[in-house]
Structures are given as structure tokens and as C-alpha cells.
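Have a look at the structure below, then the notes.
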Amino acid sequence: MNIFLVAGPDPHAVQSVWQTLQGLGVYEVSPSHRDGLLPQDIHQMMGESLVEITTAVDVEITSDTPKPMRAAWRELAADLWLANLQHPMWGWHMSNTTHLLDYWLDFDPHILLVLAYNTPAEYLQQQLLGISEISPQLVEKHLEQWSFTTETLLAQYYAASPRCVLVHSGTVVYQPGLLSESMSQQWGIQLTPAATDQSLLAATPPCGVDQYLMTQIISSFPATGELLQELEATAHVPSYSGSHPEASVFQLWTQHIAAQQQAQLQATQASEKITQFRTQLNQARTEGDQKLVALTDAYESLLLQLDEAQQETEHYFLLNQNATEQLQVAQQVSNFWQRNAPGVITVNLCNDIDGSNWYHAEDDGRWAGPGVVSTLQMPPVLAGYYVVELMIQDAMQPEIVVGMQLGVVSDVGSVQSIDLVHDFSQDSSLYPMVSSGAFDLATQHHSWVLQMSLPGNHCPAEAGGNDTRRLGLKLKTLRLSRQ
């Protein structure tokens, strides 16, 4: 028998992971035989006992304080266990009560813990929904709250790591097989994902626009970023990649609006079907009892179609509602970014990027290639005078750096060239080095691209090496400063 407990600070994340576990064949806990109690009822009783102890005795509450009640709690839990012996796999979920995890883990050494988390960008999206005015202070407050609960979550994981898997809620919802795989590797438990409605998953992807801008906003809080890196490095199922290498933010926004319009159209069509079926039913009813007997089969068929149409309408209504909420958050985040755009924007090519003609990230940057024209999608910026600095880690030849051309491509397709100055390292290897230039933006740019054109590239294999890629230069970071 396997017992699973899904826990975490965010109720939505915990609920999503628990529903995924149920799809993998885990039963919801049944109430105890004697008192009809669920784990949540025992939680409440334990909490009330702690309150009584606190108010009755003027002493500091320690871990030993609830011991007089522990025997009674264990008896209640044992009765709950007996009621669920018939299930090979069962469990429950709990949020905002993570201080009770130790009790359950101590009660039964066979309990396996699934800790669910979300990213700071996802947490911000939930907290900012419906807020008309978003200030930097509000963003900082929510990020501090996310950091506090995440540090607590990591401490719980480290304390009971052999009995834990740490998972990102959004990833396991979209790819339940990863949760099954992580549980198999950690505990040797084989779970089979249930059939999934792929059309629903395809219709409700994470919104790229708000995730992209929120990531840029969160980059101003390095402590949050460092904690997220630790969380992702520790997780058995980390978050899905937020990069969109073949699509600009403007394209993502356009696709998102188009998806919302499609959902609205499908909801309207489903509603029209319901109206049509109801009309046919009313006509059948008015033709009299004799005809109704002859039309029984057709009547039942119409009822079935009506039920299916109603379910379809509800499905597309939920899709439309979700798309509307995501678009609202994206608009709020975009407005916040434009009002509070930082003076310095840094793009670290060791992380996920939005651009084209780049190889995979390495510890010290990314190589441009296999083509000679590479791009980086940049966030919205205000009009003004800007300095751009390219921190170049290596190049196949110095001539490639000297012959490099850099330009700003606006959302209407115009290209503004940037004159560059190259400061090679005094070391014999010439690298790392910095290429810098300045340019003036006369108007605000909502969607724009930084384009780098190289005079050529080379394949190391042609000189006897093992690397068959065509490489130009390796860029580590790009720094954009408003003067």
C-alpha cells in the first residue's frame, strides 16, 4: 500500500498536482469508520487543541507542548488508516498547513510526500489578477512572500528528501508522465498516466507574453532569481522552459488574442447548437402524444445532443474565461513595465532567451550560428539615448568581431545601424572582450529586435577538431543602459 500526501504553500498548485495524481490512479482518502473524519478534520482538531493550550497556559509553545493530545490524534489517524486499507494507493492534499507535515510523516513511515511549487512569475500572475494599479512596492511585497514560503518549502524537502519529490505544478499538469517518471525513479512506484484531452492542453498553454515580461521584472530582484535557481536545480520535475526561440513577444501576444477570439467563436457556435436543438424539441412536443411515441428515439437522440452541446459550451466558456484572464494580466504587466522600465536591461545568454540563430546555452554564453545573422527579442523601451554593451567570451577569429554589424529592428521592420567600438583583452587570447555602441530611439518601441550580422563563421571540424557546428562568436551577456 502506498500513501501519498501532496502539500505546498499555494492551494492552486497543490490542487493541480493532486488532480494529476488522481489521474494516475491514486484514490481520494475515505473518511474514518468510527467518526467519519477526514485528514482535514483531524488538522482542525489539532489546531484547536494548540489554541486551547496557548490560551490556557501563559508559556511559550514548543514542539513538546501538544504531547498530551498526541495519543488521541494517533488513535484518530489509525482509524482513518483502517478505513482505507482496501486501496492499494490513496492519499490527500493539504495547503497552508505544512507545519503538520512532521506529524503525518512520524505517524506512518510509508507516507510519501509530493511537494508542489510555482515560479515567482506564476505567483505574481495570480496575485496581480484584477488589480488595476501595480506598483513596484506591490511587486516587491509579493516576491518577498513567495521567497518566504519557498524557503520554508525547501527546508521541508531537505528535512525529508528520501520520502519526497519536489515538482512544479504547471509542468505535471501538462506532462503527467514526468510526475510518474520521477516517482518511479525516487520510490520504484509505477503509475500509468490516464488518457488526456490533448485538445484541451493545446488550447490552454501558458501565456508567453506575461511570463516573458514578468521574468524581466523579476530580474531586478536577484535574491528571488537565486532562490528560483536553487528550487529548479533541486526539483525532480522543474518548470517548463519559458523561452520562445522562434516567436517574438509581439507574435505571442497576437497568437494569444487570436486564441481568445477562436474560443469565443467556438462558444458562440456551441450556443447556437443548443438553440437549434431546443427548437426541434419544442416542435416535437407540440405534435401530440401519438407522434411523440413514434419520435421517442429521435427525442432521446436530441436530448443526448443537447447534453453534449451544453458540455461543449461550458468547455469553451472556461477556455474563453481563462484566455481573458491571461490577457488581462499580460496587459497589466505590460503597463507596469512601461511605467517602471529599469534603467539597465541585462540579457544573460546562459539562460533562456527569445531570439534566433543561437546554439544551446553553455556555462559561459552561447555561440552564434549556424547562420551569420542572429537576433535577440528585447522588451519594450521608452524613447531615449541608449548604450549597448556586448560581453563577448570568444570568437573563431578577431576579424569576425571587427566586421560585426549591429542594428535595431523596429516593429515596423526598419533597421537602425549602431557603430561599435571593440575593446579586446590585453591577454594574448584577446578574450573576453567588450564591443559597445550607442543609438538614439526617437519613439517608444513596444516590440523590437537587436540584430547582429557577422561577416562569416567557421567549423572547428574543418581544422581537425570534433565540433561540427558552424560558429561565429560566443556572447555571454548583453547590457542595455538608458542614458
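What follows draws every value from the coordinates through simple rules; no lab data is involved. All values reported here derive from a predicted model rather than from experimental measurement. Methodologically, a virtual Cβ is constructed for each residue, glycine included, from the backbone with ideal geometry; neighbour enumeration extends over all protein chains shown.
Quick one: what do you get for segment 434-483 if you divide its Cα Rg by 2.2 N^0.38 Å?
Working: Rg = 16.4 Å, N = 50, 2.2 N^0.38 = 9.7 Å.
Rg over 2.2 N^0.38 Å, computed on Cα atoms: 1.68.
Give me the net charge for the shell around PRO9: Cβ to Cβ below 14 angstrom, other residues only, Lys and Arg +1, Asp and Glu -1. Could the numbers behind the result be given before it?
Numbers: positive: none; negative: ASP10, GLU122, GLU144, GLU151.
Spelling it out: positives minus negatives among the neighbours equals -4.
If you take the charge dipole of segment 430-479 about its Cα centre, with +1 on Lys and Arg Cβ and -1 on Asp and Glu Cβ, which of THR443, LEU478, CYS459 is farthest toward its positive end?
Checked the options; the winner is LEU478.
Given N residues in segment 358-483, what is Rg(Cα) / (2.2 N^0.38 Å)?
So segment 358-483 has a normalised radius of gyration of 1.09.
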